[in-house]
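S.K.: Please see the structure below; I have some questions.
The values are calculated or read from the model by the stated rules, or taken from the named source; none is laboratory data. Keep in mind that this is a model prediction, so the values were computed, not measured. We place every Cβ from the backbone using ideal geometry, glycine too, and count neighbours over all the protein chains shown.
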Amino acid sequence: MTTQSPLAAVGVWNEAPPGNRWANEGMQRLLGFLIEGAAAADLPVVWRLIVPSWLAAEAEADLRSLKAQPGVHWTLHTPPPPAAPTPAGMDASTEPEWVRDLAAFANAEVPVDGWLVPFPYFTGATLLARRYAVILPDAIPYSFPLSWHPDYWSATGWPVWRERTARVIARADTIVIFSEHVRVEAAQRLFGLPIHRTMVAPHAQPDLRPHLPFLPADGNRTTFSRNKAATLLRNQAKARGWRHLVDFPFEHVDYVVVSTQDRQTKNVVTVVDAVAQLLRREALDLKLLMTTPIHVGATWTPLPGRIASDGLDLDVLSLPDLPRDVHAALYHGASLAIHASFYEGGQAPFPFHEAVSVGTPCLIADGPHTREFLGTTDSQGFVFDPYDPLSLAMAIRAILSDRAAALSRQRAFIAGMPARGWGDVAADYASAALGSRLATRACIAGKFAA
């Protein structure tokens, strides 16, 4: 894939080992928002992504769904598959041969002016010939060291994570952080980073409406739009071989949606418990649909065991790894979205804005991220205690009793927020990666700084 020489080229480094996914992961969604934001703002920058061969097809399919032009706004680069790649895991000592080969390929074949490293433990970034900025989204492994998939984290994984992350940020020119609470807790307290080496770049508001061209102008659900969203979901079920969902009546069922992974901090079990209470004690006709995978038989997570022991196999359903348009359709058809996470590295969690953007109200859990996001705003009615399933059940019931009013309040809140678009965020990230060459947001907008 080729492109004309742009004003600036930002490389995006990915060394995720076999077993990792691309679709619907938080950092991949963020990357999509950056590319779309830069394209919409007509920023003179191209994003050059390098990924290992096992992620290439999935990454390209996702990138092609963006409102951005391949070869102009982004390019994708993949070396030939390695003979014997290392499986997912943590090793502090050295990079495996396939990572060294990936870096050699990047240095020789991918022309960039600077790199953006989305995960701070991607130590292959230290082999890159150009400068790089690294994203430090959080230090959750130290705050929540339990309930991680064993393929990713061994019993010694936490000090290894810290050692790898320290190696990467020591060589980084800039450390990009999503929020002030992470700058204090992770960057300063854990890694001792001075403020001048960090950049806080808050997210803009995700808007999923462009992925659903059938939405009415006001974004509200209609019979027509629910039917179209349901058709997208059933077509996806058919394509993925989900026989139990091929003829599921999405447009006629009241369902709660959860869009997140199965990690301890995401607190999906609390949502399951709240829905179970509504089903059994309130006799509500309600389903819970999740993008969260259900790892049947796993002992490192309580989620599959809770679903099985409570007999919720037909009430809690998983739709993982959805394309962006189907993901948006899942939100649009929902009665309510919930994000129960105890802790996020950013401020407002993506599901809040994503759901409201396509006409669905959202409940979010109290935590340092939501407190920074909301400030002194009266958020009564859409923030809940993540440790109390009963209070969540009551909040769900209250919103379902007057869904339109809840949506109206949340839209008004979002409309009153300071304006910050994804073009602004993309400019911040590009400036961090490129350093003095594009020293300010004005530069990335077209005033070149030599």
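S.K.: Kindly provide the set of residues from region 178-194 that are among the hydrophobic types (A, V, I, L, M, F, W, C), free of Cβ contacts under 8 Å to residues at least 60 places away in the same chain and closer than 29 Å to Gly416 by Cβ, ordered by number.
M.R.: Val184
S.K.: Identify, from the list Ser436, Ser408, the residue that is within 30 Å of Pro111 (Cβ to Cβ), polar (S, T, N, Q), modelled with pLDDT under 95 and assigned to a helix (DSSP H, G or I).
M.R.: That would be Ser436, the only listed residue that is within 30 Å of Pro111 (Cβ to Cβ), polar (S, T, N, Q), modelled with pLDDT under 95 and assigned to a helix (DSSP H, G or I).
S.K.: Now for a separate question. Output the residue which, of all residues in region 18-72 that are of a type in the set (Lys, Arg) and closer than 23 Å to Asp262 by Cα, is surrounded by the most Cβ atoms within 10 Å (Cβ to Cβ).
M.R.: Arg29
S.K.: Considering only strands (runs of 3 or more DSSP E) fully contained in region 1-79, which possess at least 1 residues that are touching a Lys or Arg at 6+ places or on another chain (Cβ under 7 Å) and among the hydrophobic types (A, V, I, L, M, F, W, C)?
M.R.: Fully inside region 1-79 and qualifying: 8-13.
S.K.: For region 248-270, what are the residues that are touching a residue at least 40 places away in the same chain (Cβ under 8 Å), outside any loop (DSSP other than H, G, I, E, B) and either farther than 15 Å from His327 by Cβ or touching an Asp or Glu at 6+ places or on another chain (Cβ under 7 Å) (or both)?
M.R.: If the condition is that a residue be touching a residue at least 40 places away in the same chain (Cβ under 8 Å), outside any loop (DSSP other than H, G, I, E, B) and either farther than 15 Å from His327 by Cβ or touching an Asp or Glu at 6+ places or on another chain (Cβ under 7 Å) (or both), then Glu251, Val256, Gln264, Thr265, Lys266, Val268, Thr270 are the ones that fit.
S.K.: Name the residue, out of Leu245, Leu278, that is touching a residue at least 40 places away in the same chain (Cβ under 8 Å), touching a Leu at 6+ places or on another chain (Cβ under 8 Å) and over 20 Å from Leu390 (Cα atoms).
M.R.: Leu245
S.K.: Still on this structure, I have one more. Is there a residue in region 213-224 that is in the same structural domain as Pro302 (by TED's automatic domain parsing), modelled with pLDDT of 95 or more and assigned to a helix (DSSP H, G or I)?
M.R.: The answer is yes; a qualifying residue exists.
S.K.: For region 179-187, state whether one or more residues are surrounded by fewer than 18 Cβ atoms within 10 Å (Cβ to Cβ) and either touching a strand residue (DSSP E or B) at 6+ places or on another chain (Cβ under 7 Å) or not assigned by TED's automatic domain parsing to the domain that holds Ala405 (or both).
M.R.: Yes, that holds for at least one residue.
S.K.: Please work out if Gly381 is at pLDDT below 95 and under 25 Å from Glu282 (Cα atoms).
M.R.: Here the answer is yes, as Gly381 does meet what is asked.
S.K.: Taking region 207-227 as the search range and keeping residues that are among the polar types (S, T, N, Q) and under 16 Å from Leu407 (Cα atoms), which one is nearest to the chain's Cα centre (by Cα)?
M.R.: It comes out as Asn220.
S.K.: Looking only at strands (runs of 3 or more DSSP E) that fall completely inside region 96-183, which ones have 1 or more residues that are at pLDDT below 95 and out of contact with any Cys (no Cβ under 9 Å at 6 or more places or on another chain)?
M.R.: 174-177
S.K.: Let me ask something additional. Give me the pairs: first residue in region 307-329 and closer than 13 Å to Arg29 by Cβ, second residue at pLDDT below 90 and surrounded by fewer than 22 Cβ atoms within 10 Å (Cβ to Cβ), beta-carbon distance under 7 Å, and six or more apart or on different chains, which are they?
M.R.: Asp321/Arg21; Asp321/Ala23; Asp321/Asn24; Leu322/Ala23; Leu322/Asn24; Pro323/Ala23; His327/Asn24
S.K.: Return the only residue of Leu336, Leu330 being touching a strand residue (DSSP E or B) at 6+ places or on another chain (Cβ under 8 Å) and farther than 17 Å from Phe413 by Cβ.
M.R.: Just a single option satisfies the conditions, and that option is Leu330.
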